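> This is the structure I want to talk about, given as structure tokens.
The values are calculated or read from the model by the stated rules, or taken from the named source; none is laboratory data. What you see is a predicted model, and the numbers here were worked out from it, not measured in a lab. In this analysis, Cβ positions are derived from the backbone assuming ideal geometry, glycine residues included, and neighbour counts consider all displayed protein chains. In case anyone asks, the SASA skips ligands and DNA or RNA and just uses the protein heavy atoms, side chains included. Shrake-Rupley method; radii C 1.70, N 1.55, O 1.52, S 1.80 Å.
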Amino acid sequence: MSFDAITATDNSAATALTDQEIFAAHEGGKLSIASTVPLSNKRDLSIAYTPGVAQVSRAIHADPELAKSHTWAQRLVAVVSDGTAVLGLGNIGASASLPVMEGKSALFKAFGELDSIPLVLNTTDVDEIVETLVRLRPSFGAVNLEDIAAPRCFELEEKLIEALDCPVMHDDQHGTAVVVLAALTGAAKITGRGLEELRVVISGAGAAGIAIAEILLAAGIADVVLLDSRGVINSERADIAADPASKKAQMAQRSNQRGISGGPGEALLGADVFVGVSSSKLDEEHLKLMNHSSIVFALSNPNPEVLPEVASKYAAVVATGRSDFPNQINNVLAFPGIFRGALDAGARRITPAMKVAAARAIAELADDKLSASYIVPSPLDPRVAPAVTAAVAAAVEGEVGFPL
């Protein structure tokens, strides 16, 4: 399917789904393998399989680089999960995660023109997952980590990046972060602020929350405060001080420049932006503490931290992760183009510069219709994946830098 084949029609109104149609659509799975060459006669078989295929195998044995052009591996993304943090369902195991991974692979094909294969693993041991993917490396060109619980997801991604000579990205972290930065760029314009002026509070210090904090800091937003279930992340908190090697402790050193302590009330006093990526609810009273023309991204699915009709009483711009409300912050805006751009450019790593470039590209596509109810393009906008692909490929060549 070509990029142009994706319709921009917004079907978000058609949300009345039934169990019957859902299960019927998933019966037998959502993926299949299709041949790219004809197999209708003996000559076709002789070319595609024996004896012709042996010529290609001999050539690859003599020159392994030919595998990049004469197999699908270079353009194949492995979608990998251990089933420990699936959607909002939690640790439901590898088999139960497979329908989600199939869906992810379908999105790679539809939006990025990339083949993809789900790999769900019956282990939660980081080293075992790394060893498995190292052994499988000749079979794929990139790894999309999916639905792996924090804090193991941080260690796993870091170890895989070191072990594999191909792009690796945990989409729950970085895909979310890229789209949040893109949406915040549009929201800042609507409210007449520069990104660097914003005071941002992130509720949730797991995979997505920490990745969002990292990309916002990289983009020049200095005032970022994170909250977890125990309150504000700061280096003085006993549990954080006790584990200085943890991601939370590392983030405590880089964020919360004003040294805030306490809970949501203390964090949101005078804040410009709330980003929710946790199951915690946002009290309406706390919204009143935020600055005028505030920005609220309540991204938990299916139940946002605060409903848009409540947040809109106080906030100038409101976004969620749902398709039935305006301003859907959806990873599909980012990951197909990020991987496609990285593979097109022959990148061995997905870097912070590539992620910021992707966010910029997404944000720019909303400029023509920018409004409080349109801060990012629709996930079905056919311009998105090509724009992100081009921006990421340019960043690989060093043509894009910081800040946004």
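> If I take every Cα pair under 8 Å that is 6 or more residues apart in region 97-206, average their sequence separation and divide by the length, what percent do I get for the relative contact order?
Computed value for region 97-206: 19 percent relative contact order.
> With the chain treated as a Gaussian network of Cα nodes joined by springs under 10 Å, which of Val37, Val79, Val56 yields the largest mean-square fluctuation?
Val37
> Ratio to report: Rg/Rh of region 154-269, with Cα atoms as the point set and Rh obtained by the Kirkwood method; give two decimals.
The Rg/Rh ratio comes out at 0.99.
> Also: Could you give the C-alpha radius of gyration of region 113-186 expressed as a fraction of 2.2 N^0.38 Å, taking N as the number of residues it contains?
1.18
> Assuming 0.36 nm per residue, please report the length gained on full extension of the stretch Arg348 to Gln20 beyond their Cα-Cα distance.
Length gained between Arg348 and Gln20: 113.7 nm.
> Can I ask one more? Out of region 285-386, which trypsin sites (Lys or Arg not before Pro) are coil in DSSP terms and have no more than 12 other C-beta atoms within 10 Å?
Here the sparse-neighbourhood loop sites are Lys288, Lys313.
> Another question about this same structure. What number comes out for accessible area per residue over region 180-220 if the probe is 1.4 Å? Units Å², please.
Here the residues of region 180-220 average 24 Å² of exposed surface.
> Do you know the relative contact order of the chain, to the nearest whole percent, from alpha carbon pairs under 8 angstrom that are 6+ apart?
16 percent.
> When DSSP beta bridges are limited to those with both residues in the chain, what percentage is antiparallel, rounded to the nearest 5?
Percentage antiparallel, nearest 5: 10.
> I've got another one for you. Report the net charge of residues surrounding Ser300, where surrounding means a beta-carbon distance below 10 angstrom and charges are Lys +1, Arg +1, Asp -1, Glu -1.
+1
> At q = 0.17, 0.19, 0.21 Å⁻¹, what is the base-10 log of I(q)/I(0) for region 246-404 according to the Debye formula with one equal point scatterer per Cα and no solvent? Please give it to two decimals.
-1.11, -1.21, -1.26
> Under the definition of Cα pairs under 8 Å and six or more residues apart, what whole-number percent is the relative contact order of region 174-305?
Normalised by residue count, the contact order of region 174-305 is 24 percent.
> Let me ask something else. Kirkwood Rh over Cα pairs of region 317-383 into Stokes-Einstein at 37 °C, 0.692 mPa s: D in µm²/s?
255 µm²/s
> Looking at region 57-153 only, what percent of DSSP beta bridges run antiparallel? Nearest 5 please.
Rounded to the nearest five, the antiparallel share is 10 percent.
> If you take the beta carbon distance between Asp239 and Ala390 as r and set R0 to 41 Å, what does 1/(1 + (r/R0)^6) give as a FRET efficiency, to the nearest 0.05?
Between Asp239 and Ala390 the formula returns 0.40.
> Quick one: pull the percentage of alpha-carbon pairs in region 251-291 with a separation above 12 Å.
Of the Cα pairs, 64 percent sit more than 12 Å apart.
> Taking Lys355 as the anchor, which lysines have their alpha carbon closer than 28 Å to its alpha carbon, excluding any fewer than eight residues away along the same chain?
Leaving aside lysines fewer than 8 places away in the same chain, those within reach of Lys355 are Lys68, Lys104, Lys109, Lys159, Lys189, Lys247, Lys248, Lys369.
> With a ≥ b ≥ c taken as the square roots of the eigenvalues of the C-alpha gyration tensor of region 217-282, please select rounded if a/c is under 1.5 and otherwise prolate if a/b is larger than b/c or oblate if it is not?
oblate
> Would you mind estimating how fast the chain diffuses translationally, via Stokes-Einstein at 37 °C and 0.692 mPa s with the Kirkwood radius over Cα pairs, in µm²/s?
Reported coefficient: 148 µm²/s.
> Would you tally the net charge around Leu98, using a Cβ to Cβ cut-off of less than 14 Å, leaving Leu98 out, and scoring K and R as +1, D and E as -1?
My count for the surroundings of Leu98 gives -3.
> Given DSSP loops and a limit of at most 13 other Cβ atoms within 10 Å, what is the longest stretch of the chain that contains no such GluC sites (Glu not before Pro)?
With GluC sites (Glu not before Pro) excluded where exposed in loops, the chain gives 28-235 as its longest stretch.
> Counting only other residues whose beta carbon sits under 15 Å from that of Ile22, what net charge do I get with K and R as +1, D and E as -1?
Computed value for this residue: -3.
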